[in-house]
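Engineer: Attaching a single structure in structure tokens format; questions to follow.
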Amino acid sequence: MTQEELLVLIYKKDERAFTHLYDMYAKSLFSVINVLVRNREEAEDVLQDVFVKIWKNIDSYNESKGRFYTWILNIARNTSIDKLRSKNFNNSQKNLSSDNFVNLLDDSNKLTSKVDTIGIQEFVKRLKPKCIQIIDLLFFKGFTQQEASEELNIPLGTVKTHNRNCINDLRTYLKV
């Protein structure tokens with residue numbers, strides 16, 4: 001089946017066209033998505049979303065603006081970028097398996113002596129309550145400044161100022 005014949009069937013929403021579309025483009029689109037997402041399972045999910053978007057948005061394709069392959073490639077790229085920017089994807093990358101920490105737990109003496117792990121919390125406890133709250137959200141819970149602003153119900157600029165002042169106070173305690 002040629003690309004022109006395929007497009008005619010897709011415009012008509014012929015179910016056979018979806019199978020042909022997938023067979024013709026799945027491998028090349030998956031390669032692009034996988035390079036961007038760098039996670040095979042997530043890339044497979046994105047690929048599925050891409051084909052659904054192609055199917056639903058075929059009416060927005062305009063031959064005079066470019067080739068069909070370029071159009072679907074842009075859909076794949078944009079969907080991959082959306083996935084990378086999504087809150088769920090970012091949180092899933094932060095939530096590590098406990099297997100990653102087994103060696104740390106085996107040698108708890110080393111763990112408590114490292115300033116960049118648990119030891120830093122002892123210094124944070126010396127800060128003002130507002131600083132503890134901001135640092136906890138931004139550094140220990142991985143919130144963005146915007147998310148911390150929304151969580152604390154204070155302006156973004158205030159979060160940024162408090163963050164800067166609290167880090168300076170922390171530097172003073174650490175003598176860094």
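The values are calculated or read from the model by the stated rules, or taken from the named source; none is laboratory data. Predicted model only: the values in this text are computed from it and were never measured. Counting neighbours? That spans all protein chains shown, and the Cβs are built from the backbone with ideal geometry, glycine included. The protein model used for the area step is the full one, side chains on, heavy atoms only, and it has no ligands, DNA or RNA in it. Shrake-Rupley method; radii C 1.70, N 1.55, O 1.52, S 1.80 Å.
Engineer: Can you name every residue in region 111-124 that is of a type outside the set (Asp, Glu) and modelled with pLDDT of 70 or more? Full working, then the answer.
Structural biologist: To start, the set of residues in region 111-124 that are of a type outside the set (Asp, Glu) comprises 111-115, 117-121, 123-124.
Within region 111-124, PHE123, VAL124 meet the criteria.
Engineer: If you don't mind, there's one more thing I want to ask. Restricting to region 140-159, what's the tally of residues that are more than 21 Å from ARG85 (Cβ to Cβ) and not hydroxyl-bearing (Ser, Thr, Tyr)?
Structural biologist: 6
Engineer: With (1) open to solvent by 60 Å² or more (accessible area, probe 1.4 Å); (2) modelled with pLDDT of 70 or more; (3) assigned to a loop (DSSP other than H, G, I, E, B); (4) not β-branched (Val, Ile, Thr) as the list, and LEU127 as the residue in question, which single condition is left unmet?
Structural biologist: Here LEU127 clears every test but (1).
Engineer: Check THR70, THR79 and return the single one that is open to solvent by 60 Å² or more (accessible area, probe 1.4 Å) and either on the phi > 0 side of the Ramachandran plot or modelled with pLDDT of 70 or more (or both).
Structural biologist: Of the residues listed, the single one that is open to solvent by 60 Å² or more (accessible area, probe 1.4 Å) and either on the phi > 0 side of the Ramachandran plot or modelled with pLDDT of 70 or more (or both) is THR70.
Engineer: Something else now. Among (1) charged (D, E, K, R); (2) at pLDDT below 95; (3) assigned to a helix (DSSP H, G or I), which single condition is ASP49 missing?
Structural biologist: (2)
Engineer: Any residue in region 67-80 that's under 17 Å from LYS56 (Cα atoms) and polar (S, T, N, Q): show its pairings with residues that are open to solvent by 10 Å² or more (accessible area, probe 1.4 Å) and in a helix (DSSP H, G or I) at Cβ separation under 6 Å, as long as the two are six or more apart or on different chains.
Structural biologist: Within 6 Å, the pairs are THR79/ASP49.
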